[in-house]
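What follows is a short report on a single structure.
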Amino acid sequence: MKWCHSVSDIPKGPHYALLVQKTTYIPGDERSRTNPGHGYPASTEYSWDYIVFTGREEWEEEIKRRMSSLHGKEDKVALYVTPAAVSTIVNVEIK
């Protein structure tokens, strides 16, 4: 099991993964409560953890473990991923 923190952490070939949604509550500052229009209001930010597995068995065991614990209440998506091959072509013309 490996948490991906950057694009380079994601395997280039087919792999098993979990997407786990995270929420972070950010309380507003005092100025936004006492002086509307100033400071910043409270907000909630959403992000995802991308977790990659070395094989199907490890992936299935982690899904079972999370479903049978407090993690079972998390928003998550179990995936088998085949990354797309993307290429860029640049044409330069002089007229």
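The values are calculated or read from the model by the stated rules, or taken from the named source; none is laboratory data. Everything numeric here is computed off the predicted structure, so don't read it as measured data. Here Cβ is always computed from backbone atoms with ideal geometry, including for glycine, and neighbour counts include all displayed protein chains.
Test Ser68 against the criterion of being closer than 23 Å to Lys12 by Cβ and either surrounded by 13 or more Cβ atoms within 10 Å (Cβ to Cβ) or out of contact with any Phe, Trp or Tyr (no Cβ under 8 Å at 6 or more places or on another chain) (or both), and give yes or no. So Ser68 fails the test. Of everything listed in (1) of a type outside the set (Phe, Trp, Tyr); (2) assigned to a strand (DSSP E or B); (3) surrounded by 11 or more Cβ atoms within 10 Å (Cβ to Cβ), the single unmet condition for Arg33 is (2). The condition of being modelled with pLDDT of 90 or more and assigned to a loop (DSSP other than H, G, I, E, B) holds for only one of Ile63, Ile94, Ile51, that being Ile94. Here the stretch 4-30 is the region considered, the condition is being exposed (fewer than 11 other Cβ atoms within 10 Å of the Cβ) and in a strand (DSSP E or B), and the residue that is nearest to the chain's Cα centre (by Cα) is Thr23.
If Tyr50 passes every condition in (1) surrounded by 11 or more Cβ atoms within 10 Å (Cβ to Cβ); (2) touching a Lys or Arg at 6+ places or on another chain (Cβ under 7 Å) but one, which one does it miss? Only one criterion is unmet by Tyr50, namely (2).
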